[in-house]
Amino acid sequence: MANDEGLLFMSSRAKKIARAWLESPTRGVIELTHDWRARHLPPLALSAGARFGTLQRVPDYTFGCESTYFENRKGAIWFFLRLDEHPDLVASGERVYLAGDFNGWEGMANDEWVLRAASMDGSPALVWSGKADRFNTYPHQRFKFVTEAGRWLQVPPSAPNAVRDELGNINYSIDPERTGQHLFKFDLAEPLDLSKSWSVQWSDAQDAESVPLKPGEFFYRLKTDLPMGSRVNEGETVFRLFAPRAKSVELCVCADLAERDSPHRYPLKRIADVGARDGGVWEVVLAQNLHGWFYWYHVDGPRDVFGLFDPGHRVLDPYAQASVSRLGPGIVLDAAWVGKGDRGFKTPAWQDLVIVEAHVRDLVARAPVALNTEARRGFEGLRKWVEHPDFYLHRLGVNCVELQPVQENDAKSPEEYHWGYMTNNFFAPASGYSSDPAKASGVKELQDLVAAFHRRGMAVVLDVVYNHVGEPAHLMFVDRLYYFEQDGKGNLSNWSGCGNDLRSTAAMATQLIIDSCRHLVETYGVDGFRFDLADLVSAPVLKQVEAALKRIKPDVILIAEPWSFRGHIAGELRDTGWASWNDGYRNFIREYVRGGGTREGFEYYLKGSPWYYAKWPAQTVNYTESHDDKTWIDVITENASGNGDTPTANDRRRTHLMAASLFMSVGIPMLSAGQDFIRSKQGIHNTYQMGEVNALDYRRIYRFPSTHTYFADWIAFRRSEAGRLIRHFSRASERFFQFYWAYDTAAAAVIYNADASQGAGQLLFAINNTLNDVVIPLGEGIASPDWRQLADHDRFFRENDSHVIRQPVETELFVPALGCGLWVRETV
């Protein structure tokens, strides 16, 4: 049918409502599935008697603020970028082009596609406009923006028109039926109660489908500054929970686990917190010191697609400091009993760190010390192993251990082996690692374990998981919408690959992360954190975490695993105080020792992945193996089966080359526990619940003693005075490194401090990653009897090894196949 303007439109019976959301309790936006080009407004209504105060069109460019395009009612299409969201473009002054299916993705080939400076709703922008006809096709055409330097601007996955192609690239798409004429805004006669379900529907169709009215961004900014959880204050205990959409919260407490089916029950009240931006805080104060009592909550709220409110579910307090199991209950703890963690240890400077990633049970399961079965499962047994004179990591010589998650996880029993990456509570020590979880023994045992590592001279970094949660997902029963990413239909996001993604940017989710980290630092004395799948936590939240933690521990160690199935944020972290696991380094070295890789790649990674990945030297964590996937030896082995349990001679030589490269690379070196004795998982790719496979077999040290010693010697060298030329605090001068290459290969010789910018002394490192002997021309200026060899591909030389023939540095340096060498010159 045609309206009075001659424009075609569809009746409300043929149209659908795509989604609706609130921008505040009194106003919101409705999005239709198709443009509404009629002059009159669509006949829309709210559920449960709520009424629109006003309903009007949204300006067409509003849609473009997220989609980067819109079409006006005259048939013109506009593509634009707001410059306040792209300060890099303002700084660089680069020209930007429009590219897509409509021009063969060759926008830069023709100035027709360059964006021009303009203003969009009063804000500076870059704009391209033209007739819409050529863009409104089926299938939908895709597009992106590209700078004159060939840099493609990233498409936010949250953009309403973001689409992923078969290669995983994210582009924008153009939907001819949703161009900016499909959005309407409304004001409400009365504020909506968020503890109820609301929906929008067509008012002129009794059987019309309705869509839920979802709280928008304002909802995720709701927060409070009041302390959460259970808190003992002299003769009373305060319980607080942040549940902004709840309509009721009940506390259950009991003094004995035998009373769980007949607990004391108390309703919590929604309180008017002066410092809060809403009424989302629920509280009850009991006039008794309940230290050691058990507790949980029952939470009820709106039953809609966004919620998981179940008043029958026993909710473990997100702030519980101890838990009996993954199911709860939580345990009330008096702060005076908890105490503080070890404060006497000096955390090493980042550039001095040598890290080993390890799992609590893997370290202690087969440790050569007298322990019973229960002790080999957790904190207490590992503490005794750490204190033993022959403790493995002490003998290896590292000064930092990165423990896989030690918070409460969803292991179904204490006996079940678990990597710990399905966290159930961010404050409580894992009950499965505790000798008596009902007495909160894990609190004292984890404190003692951290202190034991400190006495060994080792910093403790905890691997923490704030991107998703395990089962049961207690936070979902507090408020699934507030705490978890989901689409307009209530489907959970799953970029973690674990079934859910925590909405870390919600104000109280961010606060939960910060409070948890602060608790772990103050209560247990840990030195830092490694954030799992940090891309999902997001760079803005990581910056807030950094600022908060540095206020209580300025030298805190902060490491990100900067990727997820969604993307990679290492570049975004360059201007922060976060270091990142370097997956590019891992992949390169695996190929390089097998004869692959390029000269440019070797130089880049040896120098510490400068500038894009690491703005400062210790911002890259260099590694070649971690808990995930296959072990180093199973990846590089020549064995056809992919099982490196019995490595070949070349496998061992390549492992030595890897160690030499790792410890000669600028950045923070990290090993996986057992890598020094060629640990194998029999070629198995994923062993996350295979305790017998993951447990360290220390007998391999006796099988491969020279390799274990080789790693230990490299670590000792790295931490020595001579190793200072690798342990950079700030980026080295341009001429600090001098590279020499063997003909037609990536075999190299590198001089450190070639320009003498770091005072007297130089290092020469040579490596041959090929199966043939090579000669590397150095020239007359380098050859000198002043060079003293420290190591080759088999061992480090001892000062009193008078019978050992050390290789001189001549104008042409000979390096055998799969060989390497290290020399030092005291004066330049």
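Given in Å, the Rg to one decimal and the Dmax to the nearest whole number for the Cα atoms of the range 423-475 are 13.0, 38. Couplings 3J(HN,Hα) of the range 635-640, computed from phi: 7, 9, 4, 7, 5, 4 Hz, in residue order, whole Hz [Karplus 6.51 cos²θ - 1.76 cosθ + 1.60, θ = phi - 60°; x for Gly and Pro]. For the range 20-61, the residues whose amide N sits under 14 Å from a probe point set 7 Å from the Cα of residue 193 along the beta carbon direction are 48-50. Near residue 690, once Lys and Arg are set to +1 and Asp and Glu to -1 for all other residues with Cβ below 12 Å from its Cβ, the sum equals -1. Taking a ≥ b ≥ c as the square roots of the Cα gyration tensor eigenvalues, the range 766-828 comes out oblate, since a/c reaches at least 1.5 and a/b does not exceed b/c. Across all Cα atoms of the range 283-375, the radius of gyration (one decimal) and Dmax (whole number) stand at 20.5, 56 Å.
Using 31 Å as the Cα-Cα cut-off, could you pick out the over-long pairs in 444/550; 444/681; 444/553?
Working: 444/550 25 Å; 444/681 33 Å; 444/553 21 Å.
Beyond 31 Å: 444/681.
Each residue of the range 475-490 is assigned a 3J(HN,Hα), and the resulting list reads 4, 5, 7, 7, 5, 4, 5, 5, 9, 9, 5, 7, 8, x, 9, x Hz, derived from the Karplus form 6.51 cos²θ - 1.76 cosθ + 1.60 (θ = phi - 60°), x at Gly and Pro.
Of interest is the spacing of the C-alpha centroids, which for the range 416-434 and the range 781-821 amounts to 49 Å.
Amide H contacts of residue 120 (H built 1.01 Å from N, in plane; Pro and chain starts excluded): 125 sit under 5 Å, all sequence-distant by 5 or more or on other chains.
For the range 154-262, which semi-axes, largest first and in whole Å, follow from the square roots of 5 times the eigenvalues of its Cα gyration tensor? Don't skip to the answer; put the middle values down first.
On the way: eigenvalues 370, 107, 52 Å².
Semi-axis lengths for the range 154-262 are 43, 23, 16 Å.
Taking only C-alpha pairs under 8 Å that are 6+ residues apart, what is the relative contact order of the range 265-358 in percent? Before the final figure, lay out the partial values.
Numbers: 98 pairs, mean separation 17.9, N = 94.
Worked out over the range 265-358, it gives 19 percent.
In terms of its C-alpha gyration tensor, the range 481-602 comes out oblate, because a/c is 1.5 or above while a/b does not outweigh b/c. For the chain, the solvent-accessible area with a 1.4 angstrom probe is 40 square angstrom per residue. Each Lys and Arg adds +1 at its Cβ and each Asp and Glu adds -1 at its Cβ; summed about the Cα centre, the range 200-354 shows a dipole of about 380 debye.
Calculate the all-directions average of the projected area of the range 714-813's alpha-carbon convex hull, and give it in nm². Don't skip to the end; give the middle numbers.
Values: hull surface 29.9 nm².
Mean projected area of the Cα convex hull: 7.5 nm².
In the range 64-221, the alpha-carbon atoms span a convex hull of 190 Å³ per residue. Spatially, the range 452-489 and the range 81-102 are offset by 36 Å when compared through their Cα centroids. For the chain, find the longest principal axis of its Cα atoms and tell me its angle to the long axis of helix 441-455, 0 to 90°, nearest 10. Helix 441-455 sits at roughly 40 degrees to that axis.
Once you list every other residue whose beta carbon is under 14 Å from the beta carbon of residue 444, what net charge do they have if Lys and Arg are +1 and Asp and Glu are -1? Walk me through the numbers on the way to the answer.
Numbers: positive: 340, 383, 439; negative: 334, 342, 380, 436, 445, 448.
Residues close to residue 444 contribute a combined charge of -3.
Taking label points 7 Å from Cα along the Cα-to-Cβ direction, residue 612 and residue 169 give a separation of 1.6 nm.
For residue 37 and residue 153, the difference between the fully extended length at 0.36 nm per residue and the C-alpha to C-alpha distance is 38.6 nm.
With the convex hull drawn over the C-alpha atoms of the range 705-772, the volume per residue is 110 Å³. In deg cm²/dmol, rounded to 500, what helix-only [θ] at 222 nm does the chain give when every DSSP H run of at least 4 residues adds -39500 (n - 2.57) and the total is split over its residues? Computed ellipticity for the chain at 222 nm equals -5500 deg cm²/dmol. The modelled label-to-label distance between residue 629 and residue 800, using points 7 Å beyond Cα along the C-beta direction, is 4.5 nm. In terms of packing, defined here as the mean over residues of other Cβ atoms within 10 angstrom, the peptides 361-369, 737-745, 97-105, 255-263 line up highest first as 361-369, 97-105, 737-745, 255-263. FRET efficiency for the residue 340 to residue 204 pair, using the beta carbon distance and R₀ = 51 Å, is estimated at 0.20.
Assuming R0 = 51 Å, can you tell me the calculated FRET efficiency for the pair residue 807 and residue 95, based on Cβ-Cβ distance, to the nearest 0.05? Walk me through the numbers before you get to the answer.
Numbers: r = 55 Å, r/R0 = 1.08.
Efficiency, rounded to the nearest 0.05: 0.40.
Length gain on complete extension for the stretch residue 720 to residue 551, per 0.36 nm per residue less the alpha carbon to alpha carbon distance? Don't skip to the end; give the middle numbers.
Details: separation 169, 0.36 × 169 = 60.84 nm, distance 3.11 nm.
Separation in residues times 0.36 nm, less the Cα-Cα distance, equals 57.7 nm.
Computed packing ranks the peptides 46-56, 796-806 as 46-56, 796-806, most packed first, by mean other Cβ atoms within 10 Å.
Taking Cα atoms only, the orientation of helix 539-552 departs from the longest principal axis of the chain by about 60 degrees.
Determine the dipole magnitude for the chain: charges of +1 sit on the beta-carbon of Lys and Arg, -1 on that of Asp and Glu, nothing else is charged, the reference point is the Cα centre, and the result goes in debye to the nearest 20. Kindly include the intermediate steps, with their values, before the conclusion.
On the way: 90 positive and 106 negative charges, 145 e Å.
Computed charge dipole of the chain: roughly 700 debye.
Could you tell me which of rounded, prolate or oblate describes the range 609-653, using a ≥ b ≥ c as the square roots of the eigenvalues of the alpha-carbon gyration tensor, with rounded for a/c under 1.5 and, failing that, prolate when a/b is larger than b/c and oblate otherwise? Don't skip to the answer; put the middle values down first.
Details: a/c = 3.93, a/b = 2.69, b/c = 1.46.
Note, shape of the range 609-653 comes out prolate.
Here the peptides 633-646, 720-733 are ranked by packing, the mean other Cβ count within 10 Å, and the order with the highest first is 633-646, 720-733. Protein heavy-atom surface of the chain, 1.4 angstrom probe: 50% of the accessible area is carbon and sulfur, with nucleic acids and ligands not counted. For the range 51-119, the ratio of Cα radius of gyration to the globular rule of thumb 2.2 N^0.38 Å stands at 1.40. Its relative contact order, with pairs defined as Cα atoms under 8 Å and 6+ residues apart, puts the chain at 8 percent.
Taking amide H positions as modeled 1.01 Å from N, with prolines and chain starts lacking one, the residues under 5 Å from residue 37 and 5 or more places away or on another chain are 10.
A Förster distance of 25 Å, applied to the separation of the beta-carbon atoms of residue 697 and residue 456, puts the FRET efficiency at 0.70.
Counting Lys and Arg as +1 and Asp and Glu as -1, what is the net charge of the other residues whose Cβ lies under 14 Å from the Cβ of residue 264?
On the way: positive: 260, 265; negative: 250, 256, 259, 261.
Within the 14 Å Cβ shell, the charges total -2.
The magnitude of the dipole of the range 422-489, with charges of +1 and -1 set on the Cβ of Lys/Arg and Asp/Glu and taken from the Cα centre, is near 240 debye. For residue 813, the amide hydrogen comes within under 5 Å of the amide hydrogens of 776, 778, counting only partners 5 or more places away or on other chains and with H modelled in the peptide plane. Spacing of the modelled spin labels on residue 498 and residue 734, each 7 Å from Cα toward Cβ, amounts to 4.6 nm. Backbone geometry of the range 364-379 corresponds, through the Karplus equation with coefficients 6.51, -1.76 and 1.60 at θ = phi - 60°, to 3J(HN,Hα) couplings of 9, 4, 10, 4, x, 9, 7, 9, 7, 4, 4, 5, 6, 9, x, 4 Hz, x marking Gly and Pro. Evaluated on the range 319-420, the Kirkwood hydrodynamic radius is 15.9 Å, with distances taken between all distinct Cα atoms.
The values are calculated or read from the model by the stated rules, or taken from the named source; none is laboratory data. This structure is a prediction, so every number in the text was calculated from the model and none was measured. As a convention, Cβ positions derive from the backbone with ideal geometry for all residues, glycine included, and neighbour counts pool all protein chains shown. Side chains are part of the model used for accessible areas, which takes the heavy atoms of the whole protein and leaves out ligands, DNA and RNA. Shrake-Rupley method; radii C 1.70, N 1.55, O 1.52, S 1.80 Å.
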